[in-house]
Amino acid sequence: MLDVAIVGAGPTGSRAAYRLALQGYSVAVLEKRPAAGLKTCCTGIISQECISRFNIPVEVILQQVRSASLFSPSGNSIRIMRPEVQACVVNRSAFDHHLAATAQNQGVNYLFNTAVESLEIKVDRVVLSCRSTGAVFTLDAKFVILACGFNTPLVRKSGFGLSRYFTTGVQAEVQTKELKEVEIYFGNCIAPGFFAWLVPTQNGRALAGLMSHQSAGFHLRNWLQELAEKGKIEPADHNILYSGIPMYPLSRTFQDRVLVLGDAAGQVKPTTGGGIYFGMLCADIAADTLHKAQTTRALKAKTLLSYEREWRRLLQAELRNEYLARRAYQFINDHQIDSLFVELKESQVVESILNGENVSFDNHGGLLLKTLRRVLTSRVKRIFQ
Ligand SMILES: Cc1cc2nc3c(=O)[nH]c(=O)nc-3n(C[C@H](O)[C@H](O)[C@H](O)COP(=O)(O)OP(=O)(O)OC[C@H]3O[C@@H](n4cnc5c(N)ncnc54)[C@H](O)[C@@H]3O)c2cc1C
């Protein structure tokens, strides 16, 4: 019997696998796709903090990000820049490969083309029902981590439900003309309630994407056409990829012998939809919790509660602020976004953000929420004047 079976060879599953194998456990990762790194609907922007913390090698980094230009609906722009690298764009496929190879080198067994269809929790083990190229078999593990991404039937079937707030992310690879830095576009005309991005990768290529609750593909197609008409990108028949993005964590991420991790648990930043760094931090917490549980031989939910306590202690305040900022942003119209840009440019807010020690790529929810509250309060005041 395995010590731990992990479902999903994304960044969170591979990180948890590596960490557990390092502690001496027998670990298998079960992945329904033929290899790691086949999820391509991701821009791959992660903070410098994430790069350093998880020793991400330069080979998987496509770009370093020090600056970005933000555009309001009417085209007003703000450029933010810091001398130090703030974030990197990683080749998402190579990144996942690297994490899987690191875990394999530590002795983790990867079973590709293997979909886990259901779990049966017994007193002393979990029985996983798997399907691999038509054959059905079972696998026993003392413990299971579900790191199988957002909104998978397995997580719902295992009684964890679905995040109560989510959206759709869409993206296409484009050929740009002189795109020098990350560009972020705001406005309900482009991405209602969210934003769109153009992120340079290599050799003039870039990733263009947006998030939207409705008709995300339609909005992206319109925007790509607009960018092509403006000469910003080469016109082409773009291949648009879609994926769901949770914006709120599951209410419970553990039960007897089972933990839920990463996008599956909703450990994702609601402002940007970025889930790699927070998910990998939670992977370490999951592995450490299991280690403690194994050493005390107490695998019951009561013991595993500490996983949820720990990751919420680390992330809950930021996730909550970002969630509230995200909801508040949806009440702001294009005119107000434009006014906000003017206000930000005229005031010293941008400078204080750039120089502020408590604001970072991964920690910005509180500041955003404060700014949006101010905009909404002045809007309500104007209504009653
Ligand atoms: C358009 C877009 C852009 C994004 N850009 C960024 C970004 O720039 N930065 C960032 O941090 N995040 C970004 N994200 C989010 C990021 O992609 C996710 O947060 C991240 O992939 C989550 O990793 P994970 O390991 O939890 O799950 P995943 O990467 O989704 O991996 C889950 C794995 O489980 C496998 N699986 C599923 N079900 C089963 C099953 N039953 N049996 C076996 N295997 C199974 C899947 O095949 C998959 O390989 C973006 C998302 C979108 C949609």
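Kindly indicate whether any position in segment 239-253 is closer than 22 Å to GLU173 by Cα, away from the ligand (no atom under 12 Å from the Cβ) and in the same structural domain as GLU173 (by TED's automatic domain parsing).
First pass over segment 239-253, keeping only residues closer than 22 Å to GLU173 by Cα: 239-245.
Applying the additional criterion that residues be away from the ligand (no atom under 12 Å from the Cβ) yields 239.
Remaining after also requiring in the same structural domain as GLU173 (by TED's automatic domain parsing): 239.
Yes, the conditions are met somewhere in segment 239-253.
Kindly provide the set of residues from segment 12-55 that are hydrophobic (A, V, I, L, M, F, W, C), in contact with a helix residue (DSSP H, G or I) (Cβ under 6 Å, 6 or more places away or on another chain), open to solvent by 20 Å² or more (accessible area, probe 1.4 Å) and farther than 17 Å from GLY274 by Cβ, ordered by number.
Of everything in segment 12-55, nothing turns out to be hydrophobic (A, V, I, L, M, F, W, C), in contact with a helix residue (DSSP H, G or I) (Cβ under 6 Å, 6 or more places away or on another chain), open to solvent by 20 Å² or more (accessible area, probe 1.4 Å) and farther than 17 Å from GLY274 by Cβ.
For VAL85, indicate whether it is under 17 Å from the mean Cα position of the chain (by Cα) and in the same structural domain as ILE233 (by TED's automatic domain parsing). I'd like the intermediate steps shown before the answer.
Numbers: under 17 Å from the mean Cα position of the chain (by Cα): no; in the same structural domain as ILE233 (by TED's automatic domain parsing): yes.
Judged against the criteria, VAL85 is not a match.
Against the condition of a type outside the set (S, T, N, Q) and farther than 20 Å from LYS39 by Cα, how does ASP263 come out, does it pass? So that I can check it myself, show each step before the final result.
Numbers: of a type outside the set (S, T, N, Q): yes; farther than 20 Å from LYS39 by Cα: no.
It is false that ASP263 is of a type outside the set (S, T, N, Q) and farther than 20 Å from LYS39 by Cα.
GLY75 passes all but one of (1) open to solvent by 40 Å² or more (accessible area, probe 1.4 Å); (2) assigned to a strand (DSSP E or B); (3) not charged (D, E, K, R); which number fails?
Of everything listed in (1) open to solvent by 40 Å² or more (accessible area, probe 1.4 Å); (2) assigned to a strand (DSSP E or B); (3) not charged (D, E, K, R), GLY75 misses just condition (2).
Consider LEU259 carefully, then state whether it is more than 14 Å from the ligand (Cβ to nearest atom) and not in a loop (DSSP other than H, G, I, E, B).
On the way: more than 14 Å from the ligand (Cβ to nearest atom): no; not in a loop (DSSP other than H, G, I, E, B): yes.
It is false that LEU259 is more than 14 Å from the ligand (Cβ to nearest atom) and not in a loop (DSSP other than H, G, I, E, B).
Which of the residues spanning segment 195-218 are part of a loop (DSSP other than H, G, I, E, B) and either within 11 Å of the ligand (Cβ to nearest atom) or among the aliphatic types (A, V, I, L, M) (or both)?
Taking segment 195-218 first, the residues part of a loop (DSSP other than H, G, I, E, B) are 201-204, 213-215.
Answer for segment 195-218, where residues must be part of a loop (DSSP other than H, G, I, E, B) and either within 11 Å of the ligand (Cβ to nearest atom) or among the aliphatic types (A, V, I, L, M) (or both): there is none.
The values are calculated or read from the model by the stated rules, or taken from the named source; none is laboratory data. Please read all numbers here as calculations on a predicted model, not as lab measurements. Don't worry about glycine lacking a Cβ; one is built from the backbone with ideal geometry, like all the others, and counts go over all protein chains shown. Keep in mind that these areas ignore ligands, DNA and RNA; they rest on the heavy atoms of the full protein, side chains included. Shrake-Rupley method; radii C 1.70, N 1.55, O 1.52, S 1.80 Å.
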